[in-house]
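Undergrad: Can you read through this structure? Questions will come right after.
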Amino acid sequence: MTEVLSVMIISCLIILILTAVAKPLRIVLRFILSAAVGGCCLWLCNRFGLPVGVNPATLFTVGLLGTPGFLGLIVLSFFL
């Protein structure tokens with residue numbers, strides 16, 4: 001009886017920890033994926049003649065803002 005109770009308690013604790021970690025982990029993974037895709041898009045823009053630098057600041061901007069950040073960097077490249 002005590003083994004069953006201890007397994008149930010440990011299972012509940014594992015489920016609780018996984019649900020608490022899932023949302024922040026999803027946010028971090030979405031940021032990394034967005035920064036990677038944005039970096040590839042910025043690199044392609046450089047290959048086709050748009051002078052947008054690929055550096056940590058631009059990757060952070062694209063990772064944080066997504067498509068609007070990418071378009072903002074493209075617009076800024078025309079003015080700067």
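The values are calculated or read from the model by the stated rules, or taken from the named source; none is laboratory data. Computed from a prediction, not measured in an experiment: that's the story for all the values here. All Cβ positions, even for glycine, are placed from backbone atoms using ideal geometry, and neighbour counts span all protein chains on display. We work out accessible area using only protein heavy atoms, side chains counted, and drop any ligands, DNA or RNA first. Shrake-Rupley method; radii C 1.70, N 1.55, O 1.52, S 1.80 Å.
Undergrad: Would you call residue 49 open to solvent by less than 70 Å² (accessible area, probe 1.4 Å) and under 24 Å from the mean Cα position of the chain (by Cα)?
TA: No; evaluated as a whole, the condition is false for this residue.
Undergrad: Continuing with the same structure: Just to verify a result, which residue in the range 54-80, among those that are surrounded by fewer than 16 Cβ atoms within 10 Å (Cβ to Cβ) and within 24 Å of residue 26 (Cβ to Cβ), is nearest to the chain's Cα centre (by Cα)?
TA: Filtering first and then ranking leaves 64.
Undergrad: Output yes when any residue across the range 33-51 is at pLDDT 90 or above, assigned to a loop (DSSP other than H, G, I, E, B), in contact with a helix residue (DSSP H, G or I) (Cβ under 7 Å, 6 or more places away or on another chain) and of a type outside the set (Asp, Glu), and no when none is.
TA: Taking every residue of the range 33-51 in turn, none turns out to be at pLDDT 90 or above, assigned to a loop (DSSP other than H, G, I, E, B), in contact with a helix residue (DSSP H, G or I) (Cβ under 7 Å, 6 or more places away or on another chain) and of a type outside the set (Asp, Glu).
Undergrad: Same structure, new question: In the list 30, 26, which residue meets the criterion of being among the charged types (D, E, K, R) and under 30 Å from residue 78 (Cβ atoms)?
TA: Matching residue, one of 30, 26: 30.
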